[in-house]
Amino acid sequence: MPFDPGDQILGQDTKINDDQYWRKSITPEHVLRRLIKASLILDSDASGSYFWQLCASLLPLTTAPIGFLGNLASIISLADPWRLVDGTDHNIQDTAWVLALNSVALAAGVLANVLLFMNFCKFLPHIFVQTASIILYMFAVILYMALFGATEYQYFHNGVYWRSQGYWQGASASVLYGVAAIFLTLNLVGHLTKRYDGEHYLNNNQRRVYLVSLALIGWVAIGGAVFQQLINLSYANACYFCIVSFFTLGFGDIVPKTVAARIVIIPFIYMGVILIGVSVVSIYTVIREHHISAALMHRVHFQRTKAFACISEDTDATDRDSYDVMRAILKRAHLYNEITSTFLVMLWLLIFWLLGALVYHGTEGWTYFEAFYFVSIVLATVGYGDFTPDSRGGRSFFIMWVFFAIPTMTSAISSVTDIMSKIVEFIIKTVRTKSVQRKTMMNMLMMLFQSDMYEERREELSTELLEGTAIALIHGADDKAYPFEVWHFVTTKLIGELPCEFWLSDLSPLTRPINERKCLLLMTLHCLGMKGERAQTLLEQVLVDPSVDLPSRFETEETPKELSPVSSRSTGFSLSALSSRHLRSPSRVT
């Protein structure tokens, strides 16, 4: 792979330290692009298809929890015999060939998940791992299809035996493995057709989803083995008991009656509740991060393309005009995206709601209203216990369905809560008669940017203002939208004067889903001469510990030097010392 000079900005290449070569090889625009890339929340092509963006970002990660759930179903299918005597709960041991095929299907599903993890960690080539995972998932599905056909003739043709929970869990495993294979196939097709590069690097939220999903499924599997012995249950019923307990449903149809079971269930329940809570929050965060960021940038791309042409034709326009238009586009896109994402979550919840009621209407012999009532109680995690799934098919479906339904319900509640909070916040801002400006460093910088003294002493204050801006950014907020004056000042110092349509162009940082604070801080550090590893090291320090301040003077050498943290006063730049006669009232309060 050829050397990209811009990579040195991010500290990714340390072989070339020739300052003259570095300065000649990189244009200011290239520097800005690399700094924007380092600040991205989600790296996606806004001009591409939204469908393929989701295939690139969400499908590989979504496959992991589905695959883990398929592994749990496979374990239950292997642990519980597939047949029982007609009219009794007495299981008949499976034949050796059924156990063998079941074991191979479980091994294939587990190996597919292991390869998927190796794909995330970049231990093996992407196409090889993706193809191997798809083949293994489909191989497991084929084995289960063969088992269903063979046992239909061997076990159930004469009506002597009934299908047990083990049989129905095998059916669940085949469906889950099939869905995982379809998701990975769509992702691979997008990669092979050059819709995206196919690289999957896990950020902290995604890594949390993967690990917590694995821990939760593993905890249920271990709990099933423990309570199978303590309460004298089948493995499937023991897993059902654990899931009902972990989701705080408490139907009361299965209860611990011995002292040992009651002692063991206490830590199991609390750990299970913690894992459920963390997994729901993590999944919701990742889906929201990818869906909202991808959909937002996709919508923004087409709107800013139209606005770009209009601004370019306006001879009186300034870069302030394009900035205001870009912010307005982002605001409208955020509102539209909040509404559509909430609608989609509610639609997905309604599907689970009605589908669950339909299945329990068929498996439990309830009326559709009774089944709908039961599903409603489960989604609210109330669990009165007046209706519980007693059939083998009903309990098998419940084990899989509840893992999707309750997190969906939680996501729907979170989405509605977010919208209601924003409505209340808007009402409060509307009825408030007087805005109180906090005396923060960023607000004081804003007052300086809008003052007469800034226009008179722009070049003289350049370095001090950059240092003050960096310090203010260190103590700023990650989710903050920074005003035009800050963006204009830092960007012009980096690449020079800006054309009127700059903030709507592809070079604009605002056209990508970035962390504004991180991007501005990287740009400021670069302007102050801190390039390469020094900028990235200091950035990591201040983002983790905001109490770390910048050094009093910035060295321009590429060789990193030890930084001695000092207070903001040692820079020689004191915002609080500005005379009020130099300041105008700010046009906007940030």
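Observations
- Normalised by 2.2 N^0.38 Å, where N is the number of residues, the alpha-carbon radius of gyration of the range 204-433 equals 1.36.
- Amide H contacts for R83 (H built 1.01 Å from N in the peptide plane; partners 5 or more residues away or on another chain; cut-off under 5 Å): I92, S164.
- Dimensionless Rg over Rh [the range 174-328; C-alpha; Kirkwood]: 1.24
- When its C-alpha radius of gyration is set against 2.2 N^0.38 Å (N residues), the range 320-427 gives a value of 1.49.
- With a Förster radius of 51 Å applied to the beta-carbon distance between L192 and V259, the computed FRET efficiency rounds to 0.30.
- Gain upon complete extension [S421, L358; 0.36 nm per residue less C-alpha separation]: 19.2 nm
- Three principal axis lengths of the range 85-166 [C-alpha, angstrom, descending]: 52, 20, 18
- Pairwise FRET efficiency - A380 versus F404, Cβ, R0 = 25 Å, nearest 0.05: 0.95
- Calculated SAXS-style log₁₀ I(q)/I(0) at q = 0.18 Å⁻¹ - the range 45-201, Debye, Cα scatterers: -0.95
- Each residue, I92 and L507, gets one label point 7 Å from its Cα in the Cβ direction; the gap between the two is 7.8 nm.
- A straight chain from L40 to T367 at 0.36 nm per residue would run longer than the Cα-Cα distance by 112.6 nm.
- You can think of it this way: the chain between A146 and N204 has 16.8 nm of extra reach, that is 0.36 nm per residue less the Cα-Cα gap.
- Per-pair calculated FRET efficiency, R0 = 41 Å: L211 and S312 via Cβ, rounded to 0.05: 0.25
Bear in mind these aren't lab numbers, they're just calculated from the coordinates by the rules spelled out. Source: prediction; values computed, not measured. Ideal geometry is used to build each Cβ from the backbone, glycine not excepted, and the neighbour counts take in all protein chains shown.
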